[in-house]
Amino acid sequence: QVQFVESGGGLVQPGGSLRLSCVASGIIFSYYDMDWYRQAPGKQRELVASITRSGRTNNADSVKGRFTIPRDNAKNTLTLQMNSLEAEDTAVYYCNTKPSKTSWGQGTQVTVSS
């Protein structure tokens, strides 16, 4: 059974940083390209950042230069390091494989506000 458990969200002021984690189980983590998504209130879920099995990364234009997406295959863990946070980054953040599995985690809430 595939499971994703996201954590690390919280309330942060504009310009601050947060580090999100996603622990995956039920899959051979190192076999998969992985994605971080986010969903803001009233909006569709959007792809934020991706990392391939070999470690090549790609970020959405809205987060380029601010977010990085390291992975630790030994710990089945995907990370999203978020710097220079903006109010527009407020959302629930999720991880999944690429292509995505049908099951999603509960996500972790990120709120950027002064």
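The values are calculated or read from the model by the stated rules, or taken from the named source; none is laboratory data. Keep in mind that this is a model prediction, so the values were computed, not measured. FYI the Cβ positions are ideal-geometry reconstructions off the backbone, even for glycines, and counts take in every protein chain you see. All accessible areas refer to the heavy atoms of the entire protein, side chains included, with ligands and DNA or RNA removed. Shrake-Rupley method; radii C 1.70, N 1.55, O 1.52, S 1.80 Å.
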Quiz prompt | Karplus-derived HN-Hα couplings along the range 57-70 (A = 6.51, B = -1.76, C = 1.60, θ = phi - 60°), whole Hz, x at Gly and Pro | solution = 10, 8, 10, 4, 4, 5, 10, 4, x, 10, 10, 10, 9, x
Self-check item: Where only alpha carbons of the range 59-106 are counted, the Rg and the Dmax (Å)
Solution: 12.2, 34
Practice problem: Pull up all non-local amide H partners of residue 67: gap of 5 or more, or a different chain, and H-to-H distance under 5 Å with H placed in the peptide plane. | Solution: 83
Quiz item: Percent of accessible area on the chain owned by carbon and sulfur, 1.4 Å probe?
Solution: 47
Exercise. Give me the aspartates and glutamates in straight-line cross-link reach of residue 101: C-alpha distance below 14 Å, same-chain residues under 8 apart excluded.
Key: 33, 35
Practice problem: Would you be so kind as to identify which of 76, 4, 104 lies farthest towards the positive end of the dipole of the chain, taking Lys and Arg as +1 and Asp and Glu as -1 on Cβ and the Cα centre as origin? | Solution: 76
Practice problem: Give me the number: length gained by fully extending residue 62 to residue 109, i.e. 0.36 nm times residue separation minus the C-alpha to C-alpha distance, one decimal in nm. | Solution: 15.1 nm
Practice problem: Quick one: P(r) of the range 1-90 from all Cα-Cα pairs, 10 Å bins, percents rounded to integers, in order of increasing distance. | Solution: 16, 50, 29, 5
Quiz item: Per residue, how much accessible area does the chain show when a 1.4 Å probe rolls over the protein heavy atoms, in square angstrom?
Solution: 53
